[in-house]
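Notes to accompany the following structure.
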(Lines give C-alpha, C1' and ligand atoms only; values in the text may rest on other atoms or scores of the structure.)
Protein backbone atom coordinates (compact mmCIF):
# COMPACT_ATOMS: atom_id res chain seq x y z
CA UNK A 1 0.00 0.00 0.00
CA UNK A 2 1.70 3.17 -1.19
CA UNK A 3 0.44 6.76 -1.40
CA UNK A 4 -0.78 6.39 -4.98
CA UNK A 5 -2.81 3.25 -4.22
CA UNK A 6 -4.38 4.69 -1.09
CA UNK A 7 -5.24 7.95 -2.90
CA UNK A 8 -6.90 5.98 -5.70
CA UNK A 9 -9.09 4.04 -3.24
CA UNK A 10 -10.15 7.17 -1.36
CA UNK A 11 -10.82 9.21 -4.52
CA UNK A 12 -12.84 6.35 -6.00
CA UNK A 13 -15.03 6.24 -2.89
CA UNK A 14 -15.38 10.04 -2.72
CA UNK A 15 -16.60 10.23 -6.31
CA UNK A 16 -19.03 7.35 -5.91
CA UNK A 17 -17.14 4.98 -8.22
CA UNK A 18 -16.95 2.38 -5.44
CA UNK A 19 -19.07 1.77 -2.36
CA UNK A 20 -17.98 1.69 1.26
CA UNK A 21 -17.95 -2.10 1.48
CA UNK A 22 -15.64 -2.38 -1.54
CA UNK A 23 -13.29 0.29 -0.19
CA UNK A 24 -13.14 -1.43 3.20
CA UNK A 25 -12.39 -4.74 1.49
CA UNK A 26 -9.35 -3.19 -0.18
CA UNK A 27 -8.23 -1.70 3.14
CA UNK A 28 -8.94 -4.73 5.33
CA UNK A 29 -5.25 -5.58 5.82
CA UNK A 30 -4.18 -1.96 6.27
CA UNK A 31 -1.82 -1.24 7.97
CA UNK A 32 -0.68 -4.81 8.67
CA UNK A 33 -1.54 -8.32 7.49
CA UNK A 34 -1.14 -11.21 9.92
CA UNK A 35 0.11 -14.51 8.49
CA UNK A 36 -0.48 -17.33 10.93
CA UNK A 37 1.68 -17.00 14.01
CA UNK A 38 4.96 -16.27 12.21
CA UNK A 39 4.63 -12.90 10.43
CA UNK A 40 2.86 -9.55 10.38
CA UNK A 41 3.45 -7.75 7.10
CA UNK A 42 3.84 -4.00 7.40
CA UNK A 43 1.72 -2.87 4.45
CA UNK A 44 1.89 0.73 5.68
CA UNK A 45 5.68 1.00 5.37
CA UNK A 46 5.93 2.35 1.84
CA UNK A 47 3.37 5.04 2.66
CA UNK A 48 5.47 6.10 5.68
CA UNK A 49 9.02 5.69 4.39
CA UNK A 50 8.84 5.51 0.60
CA UNK A 51 10.15 1.93 0.52
CA UNK A 52 8.05 -1.24 0.91
CA UNK A 53 8.70 -3.91 3.50
CA UNK A 54 11.42 -6.31 2.37
CA UNK A 55 11.64 -10.01 3.22
CA UNK A 56 14.86 -11.11 4.93
CA UNK A 57 14.87 -14.79 4.02
CA UNK A 58 17.77 -16.04 6.15
CA UNK A 59 16.35 -17.92 9.14
CA UNK A 60 12.95 -18.34 7.50
CA UNK A 61 11.75 -21.67 6.14
CA UNK A 62 11.00 -21.98 2.42
CA UNK A 63 7.28 -22.30 3.22
CA UNK A 64 7.33 -19.13 5.32
CA UNK A 65 8.99 -17.20 2.50
CA UNK A 66 6.47 -18.59 0.02
CA UNK A 67 3.53 -17.56 2.24
CA UNK A 68 4.86 -14.01 2.64
CA UNK A 69 5.53 -13.65 -1.08
CA UNK A 70 2.07 -14.99 -1.90
CA UNK A 71 0.47 -12.27 0.23
CA UNK A 72 2.67 -9.53 -1.20
CA UNK A 73 1.81 -10.62 -4.73
CA UNK A 74 -1.80 -9.66 -4.00
CA UNK A 75 -0.61 -6.05 -4.14
CA UNK A 76 0.70 -4.20 -7.16
CA UNK A 77 3.98 -2.83 -5.85
CA UNK A 78 7.58 -3.93 -6.15
CA UNK A 79 8.70 -6.95 -4.12
CA UNK A 80 12.15 -7.66 -2.75
CA UNK A 81 13.36 -10.64 -0.74
CA UNK A 82 17.01 -10.71 0.31
CA UNK A 83 19.39 -13.51 1.34
CA UNK A 84 17.25 -16.06 -0.47
CA UNK A 85 18.78 -19.43 -1.23
CA UNK A 86 17.88 -22.03 -3.85
CA UNK A 87 15.43 -23.75 -1.48
CA UNK A 88 13.55 -20.50 -0.89
CA UNK A 89 13.31 -19.95 -4.64
CA UNK A 90 12.21 -23.53 -5.34
CA UNK A 91 9.33 -23.03 -2.91
CA UNK A 92 8.30 -19.66 -4.38
CA UNK A 93 8.90 -19.76 -8.13
CA UNK A 94 5.55 -21.31 -9.01
CA UNK A 95 3.65 -18.40 -7.41
CA UNK A 96 3.96 -15.98 -10.32
CA UNK A 97 5.90 -15.50 -13.56
CA UNK A 98 6.54 -11.93 -12.43
CA UNK A 99 8.95 -13.17 -9.75
CA UNK A 100 12.63 -13.60 -10.61
CA UNK A 101 15.61 -14.97 -8.70
CA UNK A 102 19.19 -13.73 -8.92
CA UNK A 103 21.62 -16.25 -7.39
CA UNK A 104 24.52 -13.78 -7.24
CA UNK A 105 22.75 -11.20 -5.07
CA UNK A 106 20.55 -13.89 -3.50
CA UNK A 107 17.40 -11.87 -4.14
CA UNK A 108 13.87 -12.69 -5.23
CA UNK A 109 12.23 -9.71 -6.89
CA UNK A 110 9.22 -8.35 -8.67
CA UNK A 111 10.09 -5.09 -10.31
CA UNK A 112 7.72 -2.16 -9.98
CA UNK A 113 8.10 1.18 -11.73
CA UNK A 114 11.42 1.14 -13.60
CA UNK A 115 13.56 4.24 -13.84
CA UNK A 116 14.41 5.53 -17.29
CA UNK A 117 17.82 4.47 -18.58
CA UNK A 118 18.29 8.09 -19.66
CA UNK A 119 17.53 9.56 -16.25
CA UNK A 120 20.20 11.97 -15.06
CA UNK A 121 19.45 10.94 -11.48
CA UNK A 122 21.27 7.69 -10.88
CA UNK A 123 23.21 5.73 -8.30
CA UNK A 124 26.70 4.38 -9.00
CA UNK A 125 27.46 1.05 -7.33
CA UNK A 126 31.23 0.64 -7.34
CA UNK A 127 32.84 -2.66 -6.35
CA UNK A 128 36.53 -3.23 -5.68
CA UNK A 129 36.72 -6.86 -6.80
CA UNK A 130 34.73 -9.58 -8.51
CA UNK A 131 34.51 -11.42 -5.18
CA UNK A 132 32.56 -8.44 -3.79
CA UNK A 133 29.80 -8.79 -6.40
CA UNK A 134 27.23 -10.62 -4.21
CA UNK A 135 27.12 -7.61 -1.88
CA UNK A 136 27.42 -5.06 -4.68
CA UNK A 137 24.61 -6.69 -6.65
CA UNK A 138 22.42 -6.79 -3.54
CA UNK A 139 22.88 -3.01 -3.28
CA UNK A 140 22.30 -2.46 -6.99
CA UNK A 141 19.18 -4.62 -7.23
CA UNK A 142 17.74 -3.09 -4.06
CA UNK A 143 18.11 0.39 -5.55
CA UNK A 144 16.65 -0.73 -8.89
CA UNK A 145 13.63 -2.41 -7.31
CA UNK A 146 13.03 0.82 -5.41
CA UNK A 147 12.78 2.65 -8.75
CA UNK A 148 16.27 4.03 -9.32
CA UNK A 149 18.57 3.97 -12.32
CA UNK A 150 21.81 2.21 -11.32
CA UNK A 151 25.18 2.24 -13.04
CA UNK A 152 27.53 -0.61 -12.11
CA UNK A 153 31.28 -0.03 -11.97
CA UNK A 154 32.88 -3.32 -10.97
CA UNK A 155 36.39 -4.66 -10.40
CA UNK A 156 38.04 -1.26 -9.94
CA UNK A 157 39.89 -1.84 -6.67
CA UNK A 158 43.04 -0.06 -5.59
CA UNK A 159 45.32 -2.89 -6.73
CA UNK A 160 44.88 -1.42 -10.23
CA UNK A 161 43.91 2.21 -9.77
CA UNK A 162 43.95 2.93 -13.52
CA UNK A 163 40.77 0.82 -13.85
CA UNK A 164 38.95 3.18 -11.50
CA UNK A 165 40.20 6.30 -13.26
CA UNK A 166 38.87 5.01 -16.58
CA UNK A 167 35.31 5.02 -15.16
CA UNK A 168 35.53 8.15 -13.04
CA UNK A 169 33.18 10.17 -15.25
CA UNK A 170 30.31 7.73 -14.62
CA UNK A 171 30.96 7.82 -10.88
CA UNK A 172 31.26 11.60 -10.66
CA UNK A 173 27.95 12.17 -12.44
CA UNK A 174 25.99 9.97 -10.02
CA UNK A 175 23.80 11.51 -7.35
CA UNK A 176 25.05 9.00 -4.79
CA UNK A 177 27.80 6.36 -4.70
CA UNK A 178 27.81 2.96 -3.03
CA UNK A 179 31.43 1.78 -2.62
CA UNK A 180 31.83 -1.92 -1.88
CA UNK A 181 35.17 -3.41 -0.84
CA UNK A 182 36.70 -6.21 1.19
CA UNK A 183 40.39 -6.87 1.94
CA UNK A 184 41.72 -3.58 3.41
CA UNK A 185 38.61 -1.63 2.37
CA UNK A 186 40.50 1.27 0.76
CA UNK A 187 38.17 2.03 -2.17
CA UNK A 188 35.79 4.45 -0.36
CA UNK A 189 38.73 6.54 0.89
CA UNK A 190 40.11 6.86 -2.62
CA UNK A 191 36.70 7.88 -3.98
CA UNK A 192 36.24 10.31 -1.08
CA UNK A 193 39.18 12.33 -2.38
CA UNK A 194 37.96 12.36 -5.97
CA UNK A 195 34.21 13.07 -5.96
CA UNK A 196 31.75 15.57 -4.49
CA UNK A 197 28.80 13.19 -3.99
CA UNK A 198 27.58 11.24 -0.93
CA UNK A 199 29.48 7.97 -0.50
CA UNK A 200 28.02 4.97 1.31
CA UNK A 201 30.81 2.51 2.10
CA UNK A 202 30.07 -1.20 2.38
CA UNK A 203 32.73 -3.46 3.90
CA UNK A 204 32.57 -7.08 2.76
CA UNK A 205 33.74 -10.24 4.47
CA UNK A 206 36.07 -11.00 1.53
CA UNK A 207 39.73 -11.35 2.49
CA UNK A 208 42.37 -13.53 4.08
CA UNK A 209 42.72 -14.36 7.77
CA UNK A 210 43.57 -10.95 9.19
CA UNK A 211 40.54 -9.54 7.40
CA UNK A 212 38.57 -11.07 10.31
CA UNK A 213 35.44 -11.65 8.25
CA UNK A 214 35.21 -8.03 7.13
CA UNK A 215 36.13 -6.38 10.44
CA UNK A 216 39.38 -4.94 9.06
CA UNK A 217 37.53 -3.38 6.10
CA UNK A 218 34.85 -2.02 8.42
CA UNK A 219 37.39 -0.37 10.72
CA UNK A 220 39.33 1.02 7.77
CA UNK A 221 36.18 2.65 6.39
CA UNK A 222 35.17 4.02 9.79
CA UNK A 223 38.68 5.49 10.16
CA UNK A 224 38.87 6.87 6.63
CA UNK A 225 40.91 10.04 6.23
CA UNK A 226 38.45 11.19 3.55
CA UNK A 227 35.74 13.15 5.43
CA UNK A 228 32.01 12.61 5.08
CA UNK A 229 31.92 8.91 4.19
CA UNK A 230 28.99 6.96 5.66
CA UNK A 231 29.50 3.28 6.50
CA UNK A 232 27.00 0.44 6.79
CA UNK A 233 27.50 -2.97 8.37
CA UNK A 234 29.60 -5.78 6.92
CA UNK A 235 28.02 -7.28 3.77
CA UNK A 236 24.97 -5.02 4.13
CA UNK A 237 24.32 -4.30 0.46
CA UNK A 238 20.60 -3.99 1.14
CA UNK A 239 21.11 -1.23 3.71
CA UNK A 240 23.40 0.67 1.35
CA UNK A 241 20.99 0.34 -1.57
CA UNK A 242 18.12 1.61 0.56
CA UNK A 243 20.10 4.60 1.85
CA UNK A 244 21.26 5.46 -1.68
CA UNK A 245 17.67 5.28 -2.92
CA UNK A 246 16.55 7.70 -0.22
CA UNK A 247 19.31 10.14 -1.18
CA UNK A 248 18.64 9.83 -4.92
CA UNK A 249 14.99 10.78 -4.66
CA UNK A 250 15.55 13.92 -2.57
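The values are calculated or read from the model by the stated rules, or taken from the named source; none is laboratory data. Please read these numbers as outputs of a predicted model, since none were measured by experiment. Cβ: placed from backbone, ideal geometry, glycine included. Neighbour counts: every protein chain shown.
Screening the range 123-197 for helices (runs of 4 or more DSSP H) wholly inside it with 3 or more residues that are touching a strand residue (DSSP E or B) at 6+ places or on another chain (Cβ under 9 Å) returns the ranges 133-145, 168-172, 187-192.
If you check 157, 209, 147, 193, which single one turns out to be more than 20 Å from residue 233 (Cβ to Cβ), surrounded by fewer than 19 Cβ atoms within 10 Å (Cβ to Cβ) and in contact with a helix residue (DSSP H, G or I) (Cβ under 8 Å, 6 or more places away or on another chain)?
After applying the criteria, what remains is 147.
Exactly one residue out of 28, 34, 76, 17 is exposed (fewer than 13 other Cβ atoms within 10 Å of the Cβ), out of contact with any helix residue (DSSP H, G or I) (no Cβ under 6 Å at 6 or more places or on another chain), over 23 Å from residue 137 (Cα atoms) and modelled with pLDDT under 70: that is 28. Please count how many residues of the range 80-95 are touching a residue at least 24 places away in the same chain (Cβ under 8 Å) and surrounded by fewer than 24 Cβ atoms within 10 Å (Cβ to Cβ). Number satisfying all stated conditions: 7. The set of residues in the range 178-196 being touching a residue at least 60 places away in the same chain (Cβ under 8 Å) and closer than 18 Å to residue 143 by Cα consists of 178, 180.
In this structure, residue 165 does not satisfy being buried (at least 19 other Cβ atoms within 10 Å of the Cβ) and either on the phi > 0 side of the Ramachandran plot or without any contact (Cβ under 8 Å) to a residue 60 or more places away in the chain (or both).
Evaluating residue 207 against the criteria (1) free of Cβ contacts under 8 Å to residues at least 40 places away in the same chain; (2) out of contact with any strand residue (DSSP E or B) (no Cβ under 8 Å at 6 or more places or on another chain); (3) under 30 Å from residue 49 (Cα atoms) leaves one unmet condition, (3).
When residue 113 is tested against (1) out of contact with any helix residue (DSSP H, G or I) (no Cβ under 6 Å at 6 or more places or on another chain); (2) more than 25 Å from residue 175 (Cβ to Cβ); (3) exposed (fewer than 15 other Cβ atoms within 10 Å of the Cβ), exactly one condition is not met: (2). Summed over the range 100-113, residues that are assigned to a loop (DSSP other than H, G, I, E, B), touching a strand residue (DSSP E or B) at 6+ places or on another chain (Cβ under 9 Å) and at pLDDT below 95 total 2. Would you confirm whether or not the range 40-59 contains a residue that is farther than 20 Å from residue 237 by Cα, surrounded by 12 or more Cβ atoms within 10 Å (Cβ to Cβ) and at pLDDT 90 or above? Checked against the condition, which is being farther than 20 Å from residue 237 by Cα, surrounded by 12 or more Cβ atoms within 10 Å (Cβ to Cβ) and at pLDDT 90 or above, the range 40-59 yields no hits at all.
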